[in-house]
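*Asks:* Next up is a structure, given as structure tokens.
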Amino acid sequence: MKKIILAITGASGQIYGIRLLEMLKTLKSEIHLIVSKPALLTMKIETDKSERYLRTLADFFYSPSDIGSAIASGSFKHDGMVIAPCTINTASSIAYGIADNLIARAADVTLKERRKLILLIRETPLHQGHLSTLLRLSQMGAIIMPPVPAFYSNPKTIDDLVNYTVYRVLDMLGFNVEYKRWVGLKD
């Protein structure tokens, strides 16, 4: 059973974090979930899901202020951390070592322990400061993964687009998932 840390921040695109949580549950993972207060506000605007719903899917639910939790330590062994969606504010905190909340602290120790950290950055357009921050994170070992749709999968619905991105995240975490992969061009 894989142990995954999932953080949901306040950026638009709450469905990515929610869908990832739902899929991790079906894959019988041990899920450690952190949800920021801005995420809960954005979630009310973008979805019909509630904090209560998220809590039913997570094995462990943490407040962002819970700096003393197990996942705040590098000694906590896990198989990867995903921040979906990830605000530029959160990315910047991680990039510059400002671990003043549990999301940034868990990400910081994930990087220092050389574990997988995947950030679904939700910001556009990007200015030079954003790009410098993302480059810094990549150089530190984070995987920068904006949720960009792949149209070769011939999506019919928004769910198809969301699911494709979430399957890619699960693939990167080492789960054996099936989805429409690029097979190359044929004459």
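*Asks:* Of all the strands (runs of 3 or more DSSP E) wholly in the stretch 1-80, which have at least 1 residues that are charged (D, E, K, R) and out of contact with any Gly (no Cβ under 8 Å at 6 or more places or on another chain)?
*Replies:* Values: elements: 3-8, 30-35, 60-62.
By residue number, 3-8, 30-35.
*Asks:* Moving on. Would you pick out the residues in the stretch 94-149 that are surrounded by fewer than 16 Cβ atoms within 10 Å (Cβ to Cβ), in a loop (DSSP other than H, G, I, E, B) and among the aliphatic types (A, V, I, L, M)?
*Replies:* Hits for the stretch 94-149 are Ile98, Leu126, Val148.
Results for (1) buried (at least 21 other Cβ atoms within 10 Å of the Cβ); (2) small (Gly, Ala, Ser), shown as yes or no for each residue.
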{"residue": "Met1", "(1), (2)": "no, no"}
{"residue": "Ala7", "(1), (2)": "yes, yes"}
{"residue": "Gln14", "(1), (2)": "yes, no"}
{"residue": "Leu27", "(1), (2)": "no, no"}
{"residue": "Glu30", "(1), (2)": "no, no"}
{"residue": "Ala39", "(1), (2)": "yes, yes"}
{"residue": "Phe60", "(1), (2)": "no, no"}
{"residue": "Phe76", "(1), (2)": "no, no"}
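*Asks:* Quick one: which residue in Met1, Met23 is more than 17 Å from the chain's Cα centre (by Cα), among the aliphatic types (A, V, I, L, M) and over 19 Å from Leu102 (Cβ atoms)?
*Replies:* Selected residue: Met1, the only one of Met1, Met23 that is more than 17 Å from the chain's Cα centre (by Cα), among the aliphatic types (A, V, I, L, M) and over 19 Å from Leu102 (Cβ atoms).
*Asks:* Here is a further query. Testing Ala150 on (1) at pLDDT 95 or above; (2) closer than 24 Å to Arg168 by Cβ; (3) in contact with a Phe, Trp or Tyr (Cβ under 6 Å, 6 or more places away or on another chain), one condition comes back false. Which one is that?
*Replies:* (1)
*Asks:* Looking at (1) surrounded by 16 or more Cβ atoms within 10 Å (Cβ to Cβ); (2) in contact (Cβ under 8 Å) with a residue 24 or more places away in the chain, find the lone condition where Leu161 falls short.
*Replies:* The number of the failed condition is (2).
The values are calculated or read from the model by the stated rules, or taken from the named source; none is laboratory data. Predicted, not measured: the structure shown is a model, and the values here were computed from it. Glycine gets a Cβ as well: all are built from the backbone with ideal geometry, and neighbour counts include every protein chain shown.
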